[in-house]
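**Student:** Before anything else, here's the structure in question.
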Amino acid sequence: MALAFVLPGLALAQEYVEATGPMRDEDFYRAVACGAPPGGGCTKAMVKWDRASPIRVAVRRIDDAYLGGKKLRAAAALERAIQALNAADAGVRLAQVAPDAEAEIEIFLFDLERGDPITGTGIDGVDGSPLGGASTRMVFERATGHIRRVAIVFSTTLNIRAYESVMLEELTQAMGLMTDIRNPYYDAISVFSQDANIAKQLGEQDIMALRRHYGTDTR
């Protein structure tokens, strides 16, 4: 689930688009990229990274509640998610850096439950907002739609079995595709499913959406 805030305001972006059955590529892309219902207009701005060098990802904090299996599972999930997004060949790349290094995407695994107010990121607009199972907060420029900073926050409520799917979903949404799809057809085949954390790899239309968003899909 994702929450975006435009400088200097805060806007909810964890809405979903409802649809039934297979969606046309154009409808799927516009749904996840700008919240457009099938055949309808955008309900939010298009946002994307404008960066030639890799987008840096750092795990800033892992609370003691994650020590052991959860920490290892989260680390493996992050590694796989970065590999999957880079393999999508969408024209934007990710690179994990050290916890204290400068990074555009910051990941926090807090000892907080779903619904608790987030505290500890030090980011205005993130601290104090309610936490989902995992939540993504995005800072972007209103004038250009360029993403400047992303925080991904995990809660202890999230089941360890969902880490791989959810990490991939959150990082994919951090690319600027901020809206889920409520459609049973996509529950097992897309990371954008609103109601399921099943997909552990990018679906064909997930990859299409990434490529179209960054101009590498010429279909």
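None of the figures in this text is laboratory data; all of them are computed from the coordinates on show. Nothing here was measured: the structure is a model prediction, and the numbers come from that model. Glycine also receives a Cβ, built like all others from the backbone with ideal geometry; neighbour counts cover every protein chain displayed.
**Student:** Roughly how many whole Å is it from the C-alpha centroid of region 125-178 to that of region 33-72?
**Tutor:** Rounded to whole Å, the Cα centres lie 4 Å apart.
**Student:** Under a point-charge model restricted to the Cβ atoms of Lys and Arg (+1) and Asp and Glu (-1), what is the dipole moment magnitude of region 16-214 relative to its Cα centre, in debye to the nearest 20? Mind showing how you got there, number by number?
**Tutor:** Values: 23 positive and 27 negative charges, 63 e Å.
Using only the charged Cβ atoms, the result is roughly 300 debye.
**Student:** So what is the calculated 222 nm ellipticity per residue for the chain, using -39500 (n - 2.57) for each DSSP H run with n of 4 or more, over all residues, to the nearest 500 deg cm²/dmol?
**Tutor:** Working: 4 runs with 50 residues, N = 219.
Using -39500 (n - 2.57) per qualifying helix, the result is -7000 deg cm²/dmol.
**Student:** By average Cβ neighbour count within 10 Å, what is the ranking of 19-28, 174-183, 106-115 from highest down?
**Tutor:** Values: 19-28: 15.2, 174-183: 24.4, 106-115: 18.6.
For the peptides 19-28, 174-183, 106-115, the packing ranking is 174-183, 106-115, 19-28.
**Student:** Straight-line reach from Lys70: which lysines have a Cα under 20 Å away, not including same-chain ones fewer than 8 places off?
**Tutor:** Candidates past the 8-residue exclusion: Lys200.
**Student:** Where both partners of a DSSP beta bridge lie in the chain, what percent of those bridges are antiparallel, to the nearest 5?
**Tutor:** Bridges in the chain are about 30 percent antiparallel.
**Student:** Also: Answer with one residue from Gly91, Gly125, Leu202: the one whose Cα lies farthest towards the positive end of the charge dipole of the chain, charges on Cβ with Lys, Arg +1 and Asp, Glu -1.
**Tutor:** Of Gly91, Gly125, Leu202, it is Gly91.
**Student:** Using the Cα atoms of the chain to build a convex hull, what is its mean projected area in square nanometres? Don't skip to the answer; put the middle values down first.
**Tutor:** Working: hull surface 44.0 nm².
Dividing the Cα hull surface by four gives the mean projection, 11.0 nm².
**Student:** Further, regarding this structure: When you count, for each residue, the other Cβ atoms within 10 Å and take the mean per peptide, how do 76-84, 46-54 rank with the highest first?
**Tutor:** Details: 76-84: 18.6, 46-54: 15.2.
The most tightly packed comes first, giving 76-84, 46-54.
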